[in-house]
Amino acid sequence: MRRSISGLYPMLLVLPALAGVGGAAAAALFPPLIGADSAAADGEVFVRQNCAGCHAVDAIDYVALGVQERLEREAPPLYYAGNKYREQWLVEWLQEPEAIHPAGYLRLEVLQSTNADDSVTNEDIVDHPALSEDEAEEAADYLMSLRPHDDLLEATGYSPAEPAMRMAMMHFRRFNACSACHRDEDGSGGVSGPELYTAGERLQPRFIASFLAEPMAWDPYSGMPSSGLNPDAVHRLADYLLMISEE
């Protein structure tokens, strides 16, 4: 049963599921959460008090910090959340969070690779805490205001279209080997990257296209390699991810 952070968090002290860090480490990193009915109910203050322990809410100085920042990162950056996520998804997910990274965020040590697939060997991955409806709406409202990369979205030239499903699936699973790291259906594919069968629900279409085309424009140390695909191929993959999310 999901429960609000406001009254429960001092007992839980957990990191997000994307961080994949246990309770002792979480307790060292997190101060007590501040509820939506407190003096810090403002969305920005709430996010900085309750989310910044794991998520970057300010732009990262990649040049100064180098690759070490990526290796020590606990959860996905949020400083461009307004360019990335769908607001309604954020509001709903923050109230009832489900794991997006099957093995936790950058938790390569919990993966067991075989010739057929990857599997998670560590089941001790902590759930992201659930927010109340008010907390989720406040947090999402602030996060959607963080839009430093509007230019990257505008440069995509992408408009969603309906792909030929079978061929699009072949491009995802075989021609581009996306399934080595990602899942396009529950229980099928790799687990070292986020699952993508709900990508169309949580991500803005132009973000999907932009990130597929050049992930390092968003994160210089992204674990996602540059695909080298032409715009048509990128758009085909984006169309596929949007379509499977509607099924």
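Miscellaneous remarks
- Heavy-atom accessible surface of region 162-247: percent carbon and sulfur, 1.4 Å: 52 percent
- Computed over protein heavy atoms with a 1.4 angstrom probe, the accessible surface ordering of Val63, Val45, largest first, is Val63, Val45.
- Glu138 accessible area, assembled protein chains, probe 1.4 Å, Å²: 50 Å²
- Ranking Trp218, Trp89 from most to least accessible surface, computed with a 1.4 Å probe over the protein chains only, gives Trp89, Trp218.
- A 1.4 Å probe, protein heavy atoms only, puts the accessible area of Cys181 near 60 Å².
- Solvent-accessible area per residue, Å², over region 160-247 with all protein chains present [probe radius 1.4 Å]: 49 Å²
- Taking every protein chain into account, the 1.4 Å probe leaves Leu212 with about 30 Å² of accessible area, to the nearest ten.
- Each other residue within a Cβ distance under 13 Å of Ala59 adds +1 if Lys or Arg and -1 if Asp or Glu, for a net charge of -3.
The values are calculated or read from the model by the stated rules, or taken from the named source; none is laboratory data. Only a predicted model underlies this, so the values are computations on that prediction, with no experimental measurement involved. Cβ coordinates were reconstructed from backbone atoms using ideal geometry, including for glycine residues, and neighbour counts include every protein chain displayed. Just so you know, the surface numbers come from the protein's heavy atoms only, side chains and all, with ligands and any DNA or RNA stripped out. Shrake-Rupley method; radii C 1.70, N 1.55, O 1.52, S 1.80 Å.
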